[in-house]
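Visitor: The structure that follows is given in the form of C-alpha cells.
The values are calculated or read from the model by the stated rules, or taken from the named source; none is laboratory data. None of the values given here were measured: they were computed from a predicted structure. So basically every Cβ, Gly included, is an ideal-geometry build from the backbone, and we count neighbours across all protein chains shown.
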Amino acid sequence: MHKTMKKYFLLSSLTVALALPLSTELLANTQPTMTQIAAQRYDSSKDIFHPVYAKHGMVASEQELATQIGVDILKQGGNAVDAAVAVGFALAVVLPNAGNIGGGGFMVLHDAKSGENFTVDFREMAPIKATRDMYLDEKGNAVDGKSLYTHFAVGVPGTVAGMEYALKKWGSLPLEKILEPSIKLAEEGFVVSGALASTLKEETETLGKWESSKKIFFKDGRPLIAGERLVQTDLANSLRQIAKEGSKAFYEGDIAKKIVAEMEKHNGLITLDDMKGYQAVERKPITGEYRGYKIVTMPPPSSGGIHLVQILNMLENYPLNEFGSNSAKTIHHLAETMKLAYSDRSEYLGDPDFVKVPAKGLTSKEYAKSLIQGIDEEKARPASDKGWEDNWANIAIFFDYPADIRKAIYTTNAVESLNSVIRRVIKKRNVFPTDDSVFKVIWLAIKEASKKMDNADSEQETGNESIYD
C-alpha cells in the first residue's frame with residue numbers, strides 16, 4: 001500500500017428511495033492507519049457480498065456491460081471523469097428503465113491532485129410553461145396519473161448537458177471516443193438480462209400502448225425475454241449525432257425538434273426554448289464530519305446530501321458499536337433519526353435557484369442534538385403512512401487510488417421507473433422522456449420565478465427560524 005494513498009468510500013443510506021452519495025476522507029493524515037485498523041476488525045468473509053479490491057481504479061454500475069466500458073476507458077488512459085461519462089451514456093443503452101439521455105442526474109467529484117471537491121447538477125428542469133396547478137382539476141384535486149403517465153410529467157432532460165460539462169472541464173478524452181462503445185452496443189444490440197426482461201414483462205400493458213415502444217422492446221407481440229437481443233438503431237443514430245456535434249445536437253438540432261414535435265402533438269409543455277435554455281450547473285458541495293471523517297456530498301436541489309449529513313450528525317451521539325449491528329436498538333435509532341430528517345426534507349428542501357434552503361442550519365451539530373431530544377429510547381414515534389415511490393437509480397462510482405487516475409466520482413442518473421414515464425419513445429430517436437417526484441418541487445417555483453428572491457425567501461421562512469443561515 002502506497003504511503004500517500006488516499007481512500008474514498010461510497011455509503012448508501014437506508015432511506016426510502018434515494019441512494020445517497022458520499023465521498024469521505026479522513027480529517028487528519030492518519031486515515032490509512034485508521035482504515036487498516038477498521039479493516040482488521042471487520043471480517044468481510046461473513047458478508048453475502050464480498051468487497052472487491054483494485055490497485056489503480058474501480059468502476060461500478062448497475063449493469064455489467066456499462067461497467068466494462070468504464071474499465072476499458074481507464075485502461076485506454078482515460079481518467080475517472082472519462083470513465084464516468086462513458087458509463088453514463090452506456091447505461092442509456094443497456095439499462096433503458098433507469099439510465100438514459102432523456103433523464104438527468106448528479107455528479108460528485110474529488111480531485112486528488114488539488115484536493116478540491118466539485119458537484120454538477122444536471123437534473124431535469126420544469127418547462128417554462130409549467131404552472132403550480134397543472135396537475136390539479138378545477139376543484140384543486142390531483143388528477144390521477146397526470147404527473148406520471150402523460151406528456152405533462154416530462155421535464156427538460158439534463159443528462160447530455162451534464163455529461164458534456166463534466167467531460168469538457170475534467171475529462172481528457174474526446175466525446176467521440178467516449179461514445180464509441182455505446183453506439184456499438186446500441187447498433188449491434190446486447191443480450192437481454194433476466195432483470196431487464198422482468199421489467200419489460202411488468203410493463204407489458206403500458207409499453208404495449210405505443211407502436212414506437214413495441215418496435216424496440218417487443219418481439220412477436222410480447223416483450224423481449226432473457227436471452228434475446230435488444231437492438232436500438234435509432235438510439236445509436238442519436239448518440240452518433242451527439243458524438244459528432246456535442247450537446248447542441250440534442251438541445252438544438254434534429255433530436256430536440258423531434259422531442260418538441262412529440263410534445264406539441266400531445267399538448268405537452270416542452271418547447272425549443274426550453275431545450276436550448278437548459279444548462280448544467282456546478283454547485284458548492286455539502287460537507288460535514290462523522291466520527292473523524294469528512295463527508296463531501298451533493299447539495300440541493302438534491303435532498304440526499306443535506307439529510308445524509310443530518311442523519312449522521314444525529315447518529316454520532318449514540319454508541320452504535322455498543323448497540324450492535326442490526327440490533328433492535330440500532331435499528332430503532334436509525335429509523336427515528338431518518339424520520340426526523342425526512343420531516344425536515346419536506347419542510348425546508350427545494351431548488352436553491354428559487355427558494356432559500358437553510359443548509360448550514362440543517363447540517364449543524366447543534367441542530368442535530370436538539371432534534372434527538374425528542375427521540376424516545378423505548379418507543380417509536382408515528383411515521384407517515386404514505387408509501388415510498390418506486391424510483392430507479394443507477395450508480396457509477398470511481399475511487400481514486402494513485403495520482404494518475406486523479407479523481408473520485410459518484411454519479412447518479414435517476415429516472416422514474418418504467419411505470420412512471422411516458423409510454424412513448426420519440427419516433428426515430430429512441431429517447432425516453434422522464435419524470436421524478438423529487439423534482440416536482442421545481443414546477444412549484446416556476447410560476448413565481450418572476451418574483452424577487454427575497455419574496456420566495458420570506459415565504460419559505462415560516463418554520464424553524466433558528467436553522468436558517
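Visitor: Under the condition of being outside any helix (DSSP H, G or I) and surrounded by 21 or more Cβ atoms within 10 Å (Cβ to Cβ), which residue from the range 142-173 is modelled with the lowest pLDDT?
Guide: Going through the qualifying residues, I end up with Val154.
Visitor: Further question: If I ask for residues that are among the β-branched types (Val, Ile, Thr) and out of contact with any Asp or Glu (no Cβ under 8 Å at 6 or more places or on another chain), which ones from the range 223-259 would you list?
Guide: Across the range 223-259, the qualifying residues are Ile225, Ile242, Ile255, Ile259.
Visitor: Okay, next question. Give me the pairs, please: first residue somewhere in the range 201-216 and among the aliphatic types (A, V, I, L, M), second residue anywhere and at pLDDT below 95 and not in a helix (DSSP H, G or I), beta-carbon distance under 8 Å, and either six or more positions apart or on two chains.
Guide: Correct list of pairs: Leu207/Arg423; Ile216/Val425; Ile216/Asn430.
Visitor: Take residues that are polar (S, T, N, Q) and at pLDDT below 95 and tell me which of the strands (runs of 3 or more DSSP E) falling wholly in the range 259-300 contain 2 or more.
Guide: Those strands (runs of 3 or more DSSP E) do not exist here; none qualify.
Visitor: Quick one: which helices (runs of 4 or more DSSP H) lie wholly within the range 326-372 and hold at least 1 residues that are farther than 17 Å from Leu308 by Cβ and of a type in the set (Gly, Ala, Ser)?
Guide: 328-348, 365-372
Visitor: Of the residues Glu187, Glu176, Glu180, which is in contact with a helix residue (DSSP H, G or I) (Cβ under 6 Å, 6 or more places away or on another chain), surrounded by fewer than 21 Cβ atoms within 10 Å (Cβ to Cβ), acidic (Asp, Glu) and within 17 Å of Glu245 (Cα to Cα)?
Guide: Matching residue, one of Glu187, Glu176, Glu180: Glu176.
Visitor: Here's a follow-up. Considering only residues that are on the phi > 0 side of the Ramachandran plot and free of Cβ contacts under 8 Å to residues at least 24 places away in the same chain, which ones fall in the range 77-118?
Guide: Residue satisfying the conditions is Gly115 alone.
Visitor: Now for a different question. Picking from Ala249, Ala243, Ala341, Ala335, which residue would you name as being within 25 Å of the chain's Cα centre (by Cα), in the same structural domain as Thr150 (by TED's automatic domain parsing) and touching a residue at least 12 places away in the same chain (Cβ under 8 Å)?
Guide: Ala243 is the lone residue from the list that is within 25 Å of the chain's Cα centre (by Cα), in the same structural domain as Thr150 (by TED's automatic domain parsing) and touching a residue at least 12 places away in the same chain (Cβ under 8 Å).
Visitor: Let me ask you something else. Of all residues in the range 301-316, count the ones that are in contact with a helix residue (DSSP H, G or I) (Cβ under 6 Å, 6 or more places away or on another chain) and either under 15 Å from Val357 (Cα atoms) or surrounded by fewer than 18 Cβ atoms within 10 Å (Cβ to Cβ) (or both).
Guide: Residues meeting the conditions: 4.
Visitor: In the range 178-195, what residues are farther than 8 Å from Ala226 by Cβ and in a helix (DSSP H, G or I)?
Guide: Ile178, Leu179, Glu180, Pro181, Ser182, Ile183, Lys184, Leu185, Ala186, Glu187, Glu188, Ala195 - these are the residues of the range 178-195 that are farther than 8 Å from Ala226 by Cβ and in a helix (DSSP H, G or I).
Visitor: How many residues does the range 303-324 contain that are under 18 Å from Leu340 (Cα atoms), at pLDDT 95 or above and assigned to a loop (DSSP other than H, G, I, E, B)?
Guide: Residues that pass the stated criteria total 3.
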